[in-house]
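Peer 1: One structure follows; several queries about it will come next.
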Amino acid sequence: MNPLADLDIFARVVTEGSMSGAGRGLGLSPAVISKRIRRLEERLGTRLLQRTTRQIALTEAGQGFYERVVAILASVEEAEAWVSRRSSAVRGVLRVSAPTSFGRLHIAPHLTSFLDSHPELTVELVLSDAFVDIVGDGFDLAVRIADLQDSSLVARRLAPNHRVLCASPGYIAAHGRPERLGDLARHRLLAHNTDHWRLEGPDGPVTVRVDSPLKTNSSEVVRESVIGGAGIALRSTWDVGPELRAGKLVRVLPGFGGSRKVAIHAVYPSRRHLAQKVRAFIDHLADLYGPTPPWDEGLEFLAAA
């Protein structure tokens with residue numbers, strides 16, 4: 001029995017989306033793949049995959065296991081590369097896609113140190129709020145702020161994403177503070193490219209209809225408007241953390257916030273033969289953000305959560 005081989009088979013099934021696809025890549029029959037997955041599930045005492053005639057989906061336990069398995073296999077591959085003395089040089093062109101505001105605030109300011117460390121590398125950073133096709137558009141990796149439980153791409157979690165309802169003190173003074181979720185219907189709610197918010201509260205998920213008086217395709221316009229006192233918005237702490245700390249914005253309805261399943265990830269097509277330039281950039285971002293990213297530091301309501 002080779003537990004590491006079973007982990008590799010499991011990861012390949014998830015990446016390929018089927019046992020037959022995993023079998024073709026590994027030179028094994030679907031029956032053998034299925035047997036190895038069952039053996040792994042029996043050893044763990046839990047189901048990792050939901051199987052139907054058309055598709056394979058991760059269970060909740062399977063998703064958490066997959067994220068950790070990918071990290072383990074990547075570490076093993078890195079160790080093997082070191083032993084075999086593969087070149088660790090970071091060179092060439094690295095194409096990265098990232099959301100506009102996040103890239104401007106939390107990637108661009110930290111490119112200097114990365115480029116100084118890798119003088120043979122060119123970084124092409126493309127900022128867009130569109131959902132890019134990483135493979136089709138020729139990107140090496142993308143930074144995505146999303147719930148990636150059903151993604152076929154390999155994802156490394158870089159940081160949590162806390163979204164809170166907030167408004168300026170001036171807006172609260174003029175219009176009052178909502179005390180219950182239903183009170184939001186009497187307030188100006190600011191959003192871009194959506195007519196609803198999916199929130200998590202004391203009783204679980206809830207959807208709030210948003211009829212924003214401000215129509216814009218720019219998240220940054222909404223940010224500046226909520227700081228300016230135009231209404232209540234659902235914002236990420238990476239976007240408005242300094243304003244929350246300084247009191248320019250205050251949290252409202254603290255029992256409600258964005259989905260806890262949404263996080264900041266680096267995603268890329270496959271862990272196998274991962275280019276050193278991609279690994280180096282992902283490690284750079286992970287080191288920058290850490291378990292508690294800088295934008296969350298000093299926010300007492302997060303420390304108390």
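Peer 1: Does segment 159-186 hold any residues that are surrounded by fewer than 18 Cβ atoms within 10 Å (Cβ to Cβ), of a type in the set (Gly, Ala, Ser) and outside any loop (DSSP other than H, G, I, E, B), and which are they?
Peer 2: GLY170, ALA173, ALA174, GLY182, ALA185, listed by residue number.
Peer 1: Restricting segment 113-163 to residues that are touching a helix residue (DSSP H, G or I) at 6+ places or on another chain (Cβ under 7 Å) and acidic (Asp, Glu), which is modelled with the highest pLDDT?
Peer 2: ASP140
Every residue, every condition in (1) aliphatic (A, V, I, L, M); (2) more than 18 Å from ILE264 (Cα to Cα); (3) in a strand (DSSP E or B), yes or no:
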site: VAL93; (1), (2), (3): yes, yes, yes
site: GLY103; (1), (2), (3): no, no, no
site: THR112; (1), (2), (3): no, yes, no
site: VAL123; (1), (2), (3): yes, yes, yes
site: VAL126; (1), (2), (3): yes, no, yes
site: GLY138; (1), (2), (3): no, yes, no
site: ALA142; (1), (2), (3): yes, no, yes
site: ILE145; (1), (2), (3): yes, no, yes
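Peer 1: In segment 17-35, how many residues are buried (at least 19 other Cβ atoms within 10 Å of the Cβ) and within 15 Å of LEU73 (Cβ to Cβ)?
Peer 2: The number of residues fulfilling the criteria is 1.
Peer 1: What do you reckon, is ALA57 assigned to a helix (DSSP H, G or I) and at pLDDT below 90?
Peer 2: no
Peer 1: Follow-up question, since we're still on this one. Considering only residues of segment 244-279 that are at positive phi and outside the structural domain of VAL96 (by TED's automatic domain parsing), which is surrounded by the fewest Cβ atoms within 10 Å (Cβ to Cβ)?
Peer 2: GLY247
Peer 1: Only one of (1) part of a loop (DSSP other than H, G, I, E, B); (2) surrounded by 15 or more Cβ atoms within 10 Å (Cβ to Cβ); (3) of a type in the set (Phe, Trp, Tyr) fails for PHE131. Which number is that?
Peer 2: (2)
Peer 1: Here is a further query. Spot the failing condition for LEU214; the list is (1) without any contact (Cβ under 8 Å) to a residue 40 or more places away in the chain; (2) closer than 20 Å to ARG180 by Cβ; (3) among the hydrophobic types (A, V, I, L, M, F, W, C), and only one is missed.
Peer 2: Result: LEU214 fails condition (2) only.
Peer 1: Okay, next question. How do the pairs read when you match residues in segment 10-36 that are without any contact (Cβ under 8 Å) to a residue 40 or more places away in the chain and on the phi > 0 side of the Ramachandran plot with residues anywhere that are in a helix (DSSP H, G or I) and surrounded by 15 or more Cβ atoms within 10 Å (Cβ to Cβ), using Cβ under 6 Å and keeping only pairs 6 or more apart or on different chains?
Peer 2: Taking only residues 6 or more apart or on different chains, not a single pair turns up.
Peer 1: Can you pull out the strands (runs of 3 or more DSSP E) entirely within segment 187-294 that have at least 3 residues that are not aliphatic (A, V, I, L, M)?
Peer 2: 196-201, 204-209
The rows are residues; the columns are (1) in contact with a Leu (Cβ under 7 Å, 6 or more places away or on another chain); (2) over 29 Å from PRO169 (Cβ atoms).
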position	(1), (2)
ARG245	yes, no
VAL252	yes, no
SER259	no, no
ALA263	no, yes
LYS277	yes, yes
HIS284	no, yes
PRO294	no, no
GLY298	no, no
LEU302	no, no
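Peer 1: Something else about it: Out of segment 135-158, which residues are in contact with a Phe, Trp or Tyr (Cβ under 9 Å, 6 or more places away or on another chain) and buried (at least 18 other Cβ atoms within 10 Å of the Cβ)?
Peer 2: PHE139, ASP140, LEU141, ALA142, VAL143, ARG144, ILE145, VAL154, ALA155, ARG156, LEU158
The values are calculated or read from the model by the stated rules, or taken from the named source; none is laboratory data. Because the structure is a prediction, the values reported are computed rather than measured. Reconstructed Cβ throughout: ideal geometry from the backbone, glycine too, with neighbour counts over all protein chains shown.
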